[in-house]
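Let me begin by presenting the structure, written as structure tokens, before commenting on it.
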Amino acid sequence: FNEQLEAIMTQVEEILEGIPGTTEMLTIPGIGILTVAGFLAEVGDLNTYDHGQQIIRLAGLNLMENSSGIRKGQTGITKRGRSRLRALLFRAIMPMVAKNPEFKALHRYFTTRGQNPLKKKQSLIALCGKLIRVLYTLGTKQREYNAIDVVGPVRQAQLQQLAA
């Protein structure tokens with residue numbers, strides 16, 4: 001069984017080497033070969049998408065208000081899309097929040113901000129969307145992972161203000 005697993009993993013590595021942008025995706029701390037392979041298996045060619053929001057909708061992670069004609073309901077994710085992609089992203093974001101300093105800081109910010117703090121699971125879902133956008137950008141533009149670009153200058157200022 002272990003020999004079969006190792007043979008399959010070498011085949012996956014060989015396939016990923018032939019896909020442009022995967023080496024840049026693997027530079028993200030906390031992302032492994034299986035995560036990138038599963039993401040690309042569910043999404044397909046990244047160049048067919050115009051922007052990362054299309055992949056977020058494909059995964060069913062876009063927000064929708066659950067309401068009828070009279071009452072106004074809560075806002076949640078649509079869950080219309082690929083459940084395996086959502087599950088893969090959620091399983092990938094859990095160790096990233098623990099190990100990756102940028103995602104850890106973003107999770108802390110989302111859950112402790114003064115205006116509209118998110119619950120922990122809501123923050124993880126928001127970070128799944130962030131991970132999709134990061135993977136899409138690294139895969140299409142073929143740039144190395146840069147922590148400053150992930151957080152952004154506005155969010156960086158908010159994080160520093162929260163820390164002070």
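The values are calculated or read from the model by the stated rules, or taken from the named source; none is laboratory data. Predicted model, so just to flag it, every value in this text is computed and none were measured. Heads up, the Cβs are rebuilt from the backbone with ideal geometry, glycines too, and the neighbour counts pull from every protein chain shown. Accessible surface areas use protein heavy atoms only, side chains included; no ligands, DNA or RNA. Shrake-Rupley method; radii C 1.70, N 1.55, O 1.52, S 1.80 Å.
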Per the filter on region 92-125, residues surrounded by fewer than 18 Cβ atoms within 10 Å (Cβ to Cβ) and not basic (Lys, Arg) are MET94, PRO95, ALA98, PRO101, THR111, THR112, GLY114, GLN115, ASN116, PRO117, LEU118, GLN122
The residue that is least open to solvent (accessible area, probe 1.4 Å), considering only those in region 50-59 that are farther than 21 Å from ASP149 by Cα and in contact with a helix residue (DSSP H, G or I) (Cβ under 9 Å, 6 or more places away or on another chain), is ALA59
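Could you tell me whether region 14-25 includes any residue that is part of a helix (DSSP H, G or I), of a type in the set (A, V, I, L, M, F, W, C) and open to solvent by 50 Å² or more (accessible area, probe 1.4 Å)? Explain how you work it out, then say what you get.
First, pick out the residues of region 14-25 that are part of a helix (DSSP H, G or I): 14-18, 22-25.
Filter once more, keeping what is of a type in the set (A, V, I, L, M, F, W, C): 15-16, 25.
Among the residues that remain, those that are also open to solvent by 50 Å² or more (accessible area, probe 1.4 Å) are: 15.
Among the residues of region 14-25, at least one is part of a helix (DSSP H, G or I), of a type in the set (A, V, I, L, M, F, W, C) and open to solvent by 50 Å² or more (accessible area, probe 1.4 Å), which makes the answer yes.
State all residues of region 60-73 that are surrounded by fewer than 10 Cβ atoms within 10 Å (Cβ to Cβ) and either in contact (Cβ under 8 Å) with a residue 60 or more places away in the chain or touching a Lys or Arg at 6+ places or on another chain (Cβ under 8 Å) (or both); if no residue qualifies, say none. Give the derivation first.
Here is the first cut: in region 60-73, the residues surrounded by fewer than 10 Cβ atoms within 10 Å (Cβ to Cβ) are 65, 68-72.
The one that is surrounded by fewer than 10 Cβ atoms within 10 Å (Cβ to Cβ) and either in contact (Cβ under 8 Å) with a residue 60 or more places away in the chain or touching a Lys or Arg at 6+ places or on another chain (Cβ under 8 Å) (or both): GLU65.
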Report yes if some residue within region 106-122 is under 23 Å from ALA163 (Cα atoms) and of a type in the set (A, V, I, L, M); otherwise report no.
yes
For region 65-82 the number of residues that are within 14 Å of GLY129 (Cβ to Cβ) and of a type in the set (A, V, I, L, M, F, W, C) is 1
Kindly evaluate GLY30 against the criterion of being closer than 21 Å to LYS104 by Cβ and among the small types (Gly, Ala, Ser). yes
Filtering region 138-154 down to residues that are at negative phi and open to solvent by less than 70 Å² (accessible area, probe 1.4 Å) yields LEU138, GLY139, THR140, TYR145, ASN146, ALA147, VAL150, VAL151
VAL134 vs (1) more than 9 Å from the chain's Cα centre (by Cα); (2) open to solvent by less than 40 Å² (accessible area, probe 1.4 Å): all pass except (1)
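Please specify each residue of region 117-164 satisfying the condition of being among the small types (Gly, Ala, Ser) and over 16 Å from PRO95 (Cα atoms).
Let us first name the residues in region 117-164 that are among the small types (Gly, Ala, Ser), namely 123, 126, 129, 139, 147, 152, 157, 163-164.
Hits for region 117-164 are GLY139, ALA147, GLY152, ALA157, ALA163, ALA164.
For GLU6, indicate whether it is in a helix (DSSP H, G or I), among the charged types (D, E, K, R) and open to solvent by 30 Å² or more (accessible area, probe 1.4 Å). Can you show your working first?
Details: in a helix (DSSP H, G or I): yes; among the charged types (D, E, K, R): yes; open to solvent by 30 Å² or more (accessible area, probe 1.4 Å): yes.
Yes, satisfied.
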Subset of region 80-97, residues more than 14 Å from ALA126 (Cα to Cα) and charged (D, E, K, R), comes to ARG80, ARG82, ARG84
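Scan region 74-91 and give yes if some residue there is part of a loop (DSSP other than H, G, I, E, B), open to solvent by less than 90 Å² (accessible area, probe 1.4 Å), under 24 Å from LEU46 (Cβ atoms) and in contact with a strand residue (DSSP E or B) (Cβ under 9 Å, 6 or more places away or on another chain), otherwise no. Spell out the reasoning first.
First pass over region 74-91, keeping only residues part of a loop (DSSP other than H, G, I, E, B): 74, 78-82.
Add one more test, that the residue is open to solvent by less than 90 Å² (accessible area, probe 1.4 Å), and what stays is 78, 81.
Next, only the ones that are under 24 Å from LEU46 (Cβ atoms) stay: 78, 81.
Now drop any that are not in contact with a strand residue (DSSP E or B) (Cβ under 9 Å, 6 or more places away or on another chain), which leaves 78.
Taking every residue of region 74-91 in turn, at least one turns out to be part of a loop (DSSP other than H, G, I, E, B), open to solvent by less than 90 Å² (accessible area, probe 1.4 Å), under 24 Å from LEU46 (Cβ atoms) and in contact with a strand residue (DSSP E or B) (Cβ under 9 Å, 6 or more places away or on another chain).
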